[in-house]
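The values are calculated or read from the model by the stated rules, or taken from the named source; none is laboratory data. All of these numbers come straight from a predicted model, not from anything done at the bench. Cβ placement follows ideal geometry from the backbone for every residue including glycine, while neighbour counts extend to all protein chains displayed. Note: areas computed on protein heavy atoms with side chains; ligands, DNA, RNA excluded. Shrake-Rupley method; radii C 1.70, N 1.55, O 1.52, S 1.80 Å.
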Amino acid sequence: MKKVLVSGVQSSGRLHIGNYFGAIKQNVELGNSGEYDSYIFIADYHSMTTLTDAKERIENTFDAACTYLACGLDPSKVALFKQSDVPSHTELTWILSTVTPMPMLMLAHAFKDNEAKNKDINAGLFTYPVLMASDILMYNAHVVPVGKDQEQHIEIAREIAGKFNRAYEEVFTMPHAYIVKDVATIPGIDGTKMSKSKGNTISLFGTDEEIKKQVMSIVTDSARPEDKKNPDESAVYQIHKLFLTKEQDAVLRKKFEDGGYGYKEAKEHCAEAIIAFVSPMREKYNYYRSHPDEVYAVLNAGAQQAESRAKEMMNRVRHVTGLVS
Ligand code: AQP
């Protein structure tokens, strides 16, 4: 039997190059390899913890599907689906929440960060890691390709799986995070982790003008063009190198280290590299955006595949918990 791969992306905003390098790229490569039984979902239930605009959620969900297809995801090898098309994710969430220790959720980063900022925290945000555990355990995932920020959530999913298996029967497989070290945390234009919610993103499929504007806004220090610069402390370098070969990267590093390479010029080169890289994918993206029937057909087929697997799992879970005899 093939190992199972599961991953998701929230439909909480437009996807950015952090989402691409941190997760989407690996999801597409591993999924298309045919080595795994792959389930990639668009996490619209998750997006409800931060987004209350229905039209925006529909648009973001469609846009995420177009993005995955444009990035090369092969729907004949990967079930691409909308999370809420498989409503048993929420039933499993309830069941798993009954074996989840509250203190563990209180240590989750998303909860702690928002609490520290005195933000209004809804119960959905607090129990978000349980929904994520349900997304992963539903399919008995072995591998979950994600960015570094999601590592803790995979740990929580493992804990919950262990608690359930000990309380009832050995139902769930232990999932493993698949994190590529070099791209674990892509910085945003302000130098902190690129995030949809922080407005510090470079859109994956923005127009040339949008990409240029975002890149020209990358925060830099006050070094003059002639000054030597430490590439490892520069978000311009960190972002630009994502689009380079090893050899090109070495040349860019040296330019920063030698001095005589101003930030304005560095940003212009960075924007050119991004635009050259995304242009062919963006053409496909525009194609899918103008062919919604094709996109929804992929999502519907993916949902059927996921639903049939989820049904098997829920039958088992209902039996071992005594919800059905
Ligand atoms: N900056 C990043 N570097 C590397 N990986 C990243 N990911 C997100 N940002 C970076 C990875 O992308 C996948 C999908 O993320 P998500 O949409 O489910 O939610 P997120 O991690 O919370 O992403 P954002 O953009 O930061 O969204 P908001 O602002 O809504 O919280 C995940 O695998 C994630 O690790």
Problem set entry | Length-normalised contact order for segment 205-286 - Cα pairs under 8 Å, 6+ apart - percent | 42
Exercise. In terms of modelled amide H atoms, which long-range or inter-chain residues lie less than 5 Å from the amide H of K82?
Worked result: I42, A303
Exercise. Counting only protein heavy atoms, what percent of the accessible surface of segment 1-57 is carbon or sulfur at a 1.4 Å probe?
Worked result: 50
Exercise. In the structure displayed, which of K55/K112; K246/K267; K25/K254; K117/K181; K181/K311 lie more than 31 Å apart, Cα to Cα?
Worked result: K181/K311
Exercise. Could you sort Y178, Y128 by accessible area so the largest value comes first, with the probe set to 1.4 Å?
Worked result: Y178, Y128
Exercise. Out of N19, L125, Q152, whose Cα points farthest toward the positive end of the dipole of the chain (charges: +1 Lys, Arg; -1 Asp, Glu; placed on Cβ)?
Worked result: Q152
Exercise. Among C270, T321, A141, which residue has its Cα positioned farthest towards the positive end of the charge dipole of the chain, with +1 placed on the Cβ of Lys and Arg, -1 on the Cβ of Asp and Glu, and the dipole taken about the Cα centre?
Worked result: T321
Exercise. If you put +1 on each Lys and Arg Cβ and -1 on each Asp and Glu Cβ, how big is the dipole of the chain around its Cα centre, in Debye rounded to 20?
Worked result: 320
Exercise. How large is log10 I(q)/I(0) at q = 0.14, 0.17, 0.21, 0.29 Å⁻¹ when the Debye formula is applied to the Cα atoms of segment 1-58, each weighted equally and without solvent?
Worked result: -0.46, -0.62, -0.82, -1.12
Exercise. When averaged across all projection directions, what area in nm² does the alpha-carbon convex hull of segment 205-286 cover?
Worked result: 5.1
For this session: Compute the FRET efficiency between R318 and K148 as 1/(1 + (r/R0)^6), taking r as their Cβ-Cβ distance and R0 = 45 Å, and round to the nearest 0.05.
Result: 0.80
For this session: Before anything else, pin down the relative contact order of the chain: Cα pairs under 8 Å, at least 6 apart, normalised by residue count, whole percent.
Result: 22
Exercise. So for K82, K212, what's the accessible-area order with a 1.4 Å probe, most first?
Worked result: K212, K82
Problem set entry | E209, E257, ranked by accessible area, largest first (probe 1.4 Å) | E209, E257
For this session: Return the aspartates and glutamates within reach of K284: Cα separation strictly under 12 angstrom, same-chain partners fewer than 8 residues apart disregarded; answer none if there are no such residues.
Result: none
For this session: Mind pulling the angle between the C-alpha long axis of helix 123-137 and the longest principal axis of the chain? Nearest 10 degrees, somewhere in 0 to 90.
Result: 80
Seminar exercise, completed: Between the Cα axis of helix 263-289 and the main Cα principal axis of the chain, the angle (0 to 90°, nearest 10) is 40
Exercise. For the chain, what is one quarter of the convex hull surface built on the Cα atoms, given in nm²?
Worked result: 17.6
For this session: Rounded to whole Å and ordered largest first, report the semi-axes of the equivalent ellipsoid of segment 59-218 derived from its Cα gyration tensor (root of 5λ).
Result: 30, 21, 15
Exercise. Rounded to the nearest 500, what is the chain's calculated 222 nm mean residue ellipticity when only DSSP H runs of at least 4 contribute -39500 (n - 2.57) each, over all residues?
Worked result: -16500 deg cm²/dmol
Seminar exercise, completed: In degrees rounded to 10, the 0-90 angle between helix 54-70 Cα long axis and the longest Cα principal axis of the chain is 70
Problem set entry | Cα-based shape type of segment 239-322, given that a ≥ b ≥ c are square roots of the gyration tensor eigenvalues and the cut on a/c is 1.5 | oblate
Problem set entry | Dipole of segment 29-114 [Lys/Arg +1, Asp/Glu -1 at C-beta], most positive-end residue of L107, V86, T52 | L107
Exercise. In whole angstrom, how far apart do the alpha carbon centroids of segment 69-129 and segment 230-268 sit?
Worked result: 37
